[in-house]
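**Student:** Below is one structure. I have some questions about it.
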Amino acid sequence: MVDEPEESALTAEFTELIITVIEIHIKKLLPEEYSRIEIYASRLPLNERSPAYPFGGYVINLRVCTEGHQDDIDHEMCVSVGGEIALFEEGLVFRTRQWDALIFHSRDSTHFNLHVKGTRISIVLQSDKHGKKWVENKN
């Protein structure tokens with residue numbers, strides 16, 4: 001991305017738009033969950049605003065295939081936009097399209113991305129359970 005500044009800028013704009021749409025929908029459809037994760041993202045050091053607000057952070061996966069795992073540091077939920085993701089215990093596979101969002105508890109559910117066919121990009125928004133310590137005692 002560093003070698004392609006125009007593509008990098010476009011990716012940043014597109015990611016910001018997706019995150020904004022996700023925020024609007026989570027706030028409307030899951031207001032209690034929104035409140036629980038938003039409190040951490042709203043109190044970041046130096047009064048910074050998370051670029052993944054109300055989530056603490058995000059990852060862009062480019063042609064990624066992952067092994068099954070649980071995200072122990074996630075606080076409440078995570079959102080995966082795009083890509084193909086499997087939830088092992090539930091026995092489910094989601095072949096999401098652009099703009100499709102999957103919300104699940106990534107710390108409780110073993111999940112993985114399927115093998116890549118062609119070009120695939122997914123965006124994962126994540127909450128961080130360590131944010132609770134920061135809100136409580138700034139450490």
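**Student:** Among the residues in region 83-100, are any of a type in the set (Asp, Glu), at pLDDT 75 or above and surrounded by 15 or more Cβ atoms within 10 Å (Cβ to Cβ)?
**Tutor:** Yes - at least one qualifying residue is present in region 83-100.
**Student:** Here is a follow-up. Every residue in region 36-70 that is more than 24 Å from PHE14 (Cβ to Cβ) and under 16 Å from the mean Cα position of the chain (by Cα), please.
**Tutor:** ARG36, TYR40, HIS69, GLN70
**Student:** If you don't mind, another one. Quickly run through region 70-90 and pick out the residues that are in a strand (DSSP E or B), β-branched (Val, Ile, Thr) and touching an Asp or Glu at 6+ places or on another chain (Cβ under 9 Å). Please lay out each step first, then the result.
**Tutor:** Applying the first criterion (in a strand (DSSP E or B)) to region 70-90 yields 78-87.
Next, from what is left, pick out any that are β-branched (Val, Ile, Thr): 79, 81, 85.
If the condition is that a residue be in a strand (DSSP E or B), β-branched (Val, Ile, Thr) and touching an Asp or Glu at 6+ places or on another chain (Cβ under 9 Å), then VAL81 is the only one that fits.
**Student:** I'd like to verify a number: residues in region 101-111 that are loosely packed, with under 15 Cβ neighbours inside 10 Å and over 15 Å from ASP74 (Cα atoms), how many?
**Tutor:** Result for region 101-111: 0.
**Student:** Would you call GLU67 at pLDDT 85 or above, surrounded by fewer than 16 Cβ atoms within 10 Å (Cβ to Cβ) and not in a strand (DSSP E or B)?
**Tutor:** Working: at pLDDT 85 or above: no; surrounded by fewer than 16 Cβ atoms within 10 Å (Cβ to Cβ): yes; not in a strand (DSSP E or B): yes.
So GLU67 fails the test.
For (1) assigned to a helix (DSSP H, G or I); (2) among the basic types (Lys, Arg); (3) surrounded by 14 or more Cβ atoms within 10 Å (Cβ to Cβ), each residue gets a yes or a no:
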{"residue": "ALA12", "(1), (2), (3)": "yes, no, no"}
{"residue": "GLU16", "(1), (2), (3)": "yes, no, no"}
{"residue": "THR20", "(1), (2), (3)": "yes, no, no"}
{"residue": "ILE24", "(1), (2), (3)": "yes, no, no"}
{"residue": "LYS28", "(1), (2), (3)": "yes, yes, no"}
{"residue": "GLU33", "(1), (2), (3)": "yes, no, yes"}
{"residue": "ARG49", "(1), (2), (3)": "no, yes, no"}
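**Student:** Taking region 35-47 as the search range and keeping residues that are of a type in the set (A, V, I, L, M) and assigned to a helix (DSSP H, G or I), which one is farthest from GLN126 (Cα to Cα)? Please lay out each step first, then the result.
**Tutor:** So the first thing to find is which residues in region 35-47 are of a type in the set (A, V, I, L, M), and the list is 37, 39, 41, 44, 46.
After this cut, where a residue has to be assigned to a helix (DSSP H, G or I) as well, the list is 37, 39, 41, 46.
Numbers: ILE37: 9, ILE39: 14, ALA41: 11, LEU46: 20 Å.
The qualifying residue farthest from GLN126 (Cα to Cα) is LEU46.
**Student:** Using beta carbons and a limit of 9 Å, which pairs, at least six apart or on different chains, have the first residue in region 49-67 and closer than 17 Å to GLN98 by Cβ and the second one among the hydroxyl-bearing types (Ser, Thr, Tyr) and assigned to a loop (DSSP other than H, G, I, E, B)?
**Tutor:** Close Cβ pairs (under 9 Å, with a partner that is among the hydroxyl-bearing types (Ser, Thr, Tyr) and assigned to a loop (DSSP other than H, G, I, E, B)) amount to TYR58/SER50; LEU62/THR119; ARG63/THR119.
The values are calculated or read from the model by the stated rules, or taken from the named source; none is laboratory data. Everything numeric in this text was worked out from a predicted model, so none of it was measured. Cβ: placed from backbone, ideal geometry, glycine included. Neighbour counts: every protein chain shown.
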